[in-house]
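Inspection log for the structure reproduced underneath, given as structure tokens.
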Amino acid sequence: MSRATDDKMPAGTTAGTPQVLLTHHLKQLKLPTVLREYEKLARECARDGVDHTRYLLRLIELELIDRERRTVERRIRAARFPAVKSLDTFDFTAIPSLNKMLVLELARCEYILRRENIIALGNSGTGKTHVALALGLAACQKGFTVAFTTAAALVNQLMEARDEKRLLKMQRDLAAVKLLIVDELGYVPLSPTGAELLFETFSQRYERGSTIVTSNLPFEDWTQVLGSERLTGALLDRLTHHVSILTMNGDSYRLKQSAHRRRAAGAEQNQATPAHATD
Ligand code: ADP
Ligand code: MG
């Protein structure tokens, strides 16, 4: 391949002062990977006869790859997921009512570019939160900002923000995130003010960003949570204008797993219960 013009270390890399200065400058420029890798990579490139331009290219590529990884990690932390779950660990055969192709298509995140919404409906334990988390993770990996919350927590935070006169800022922040995930709409009935604030949040995001909502209640029962027919109608109108609906009715995965475990434990007469029963 390319011939080394000089098989010695690049000038200065072994001397004290330039190294100290370089370390300082690379820190200032926020190039931690370059700082960590430049000496090792220089030795490898010298050994393999790789020229300076290619050496620099490799070094910069390492920094770019690392930077992207760090950005994804930051986005995941900012999203405040209660757990990190992916579709790799989701067993689609456990929930036949769910359209697997649709979920895989949604994991490509193109709906976020179109500012469309997702609603996952189904009884408890069918994997709604798992799928919402997995879609949230996919969005972080694809470069979108994500925020995860439950309907009850969101409404509490909005009411608190209103009392502390920072509602506008919170609403602006919520409107800015590319994907907002609102889990568990339906478990807790909302106060009239709470319902109004939730409606405003969805309204402000309408055609500006994507929202995922999960609920244990079918649409016709949402009035029970939101309190008013008029508000429910207006909210559903905005949320469902551009929407993919994930139907997730079936047996609770949790219950099925614990039944499996009980049976396995009973059969083996063994105290060491496996963490994950397999089919
Ligand atoms: P829901 O939000 O619908 O009540 P969850 O997503 O919280 O249900 O699921 C309950 C538990 O079961 C979680 O730990 C989840 O990861 C797991 N789970 C549910 N469905 C599946 C599935 N099809 N494959 C793998 N794990 C699942
Ligand atoms: Mg859930």
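The values are calculated or read from the model by the stated rules, or taken from the named source; none is laboratory data. What you see is a predicted model; the values in this text were computed from it and never measured. No Cβ is skipped: glycine too gets one built from the backbone with ideal geometry, and neighbour counts run over all protein chains shown. Areas reflect the complete protein model, heavy atoms only, side chains present, ligands, DNA and RNA absent. Shrake-Rupley method; radii C 1.70, N 1.55, O 1.52, S 1.80 Å.
Considering (1) open to solvent by 40 Å² or more (accessible area, probe 1.4 Å); (2) at positive phi; (3) within 13 Å of ligand 1 (Cβ to nearest atom), say which one GLY125 fails and leave the rest.
(1)
Filter the stretch 59-98 down to the residues that are more than 18 Å from GLY125 (Cα to Cα) and buried (at least 16 other Cβ atoms within 10 Å of the Cβ) and list them by number.
LEU59, LEU62, GLU63, ASP66, ARG75, ILE76, ALA79
Please give the helices (runs of 4 or more DSSP H) falling wholly within the stretch 136-237 in which 3 or more residues are open to solvent by 40 Å² or more (accessible area, probe 1.4 Å).
Of the helices (runs of 4 or more DSSP H) lying wholly inside the stretch 136-237, those with at least 3 residues that are open to solvent by 40 Å² or more (accessible area, probe 1.4 Å) span 151-163, 167-176, 192-205.
If we scan the stretch 25-46, do we find a residue that is part of a loop (DSSP other than H, G, I, E, B), without any contact (Cβ under 8 Å) to a residue 60 or more places away in the chain, in the same structural domain as LEU133 (by TED's automatic domain parsing) and open to solvent by 90 Å² or more (accessible area, probe 1.4 Å)?
no
Could you tell me which of the residues GLU110, GLU116 is among the acidic types (Asp, Glu) and without any contact (Cβ under 8 Å) to a residue 60 or more places away in the chain?
GLU110
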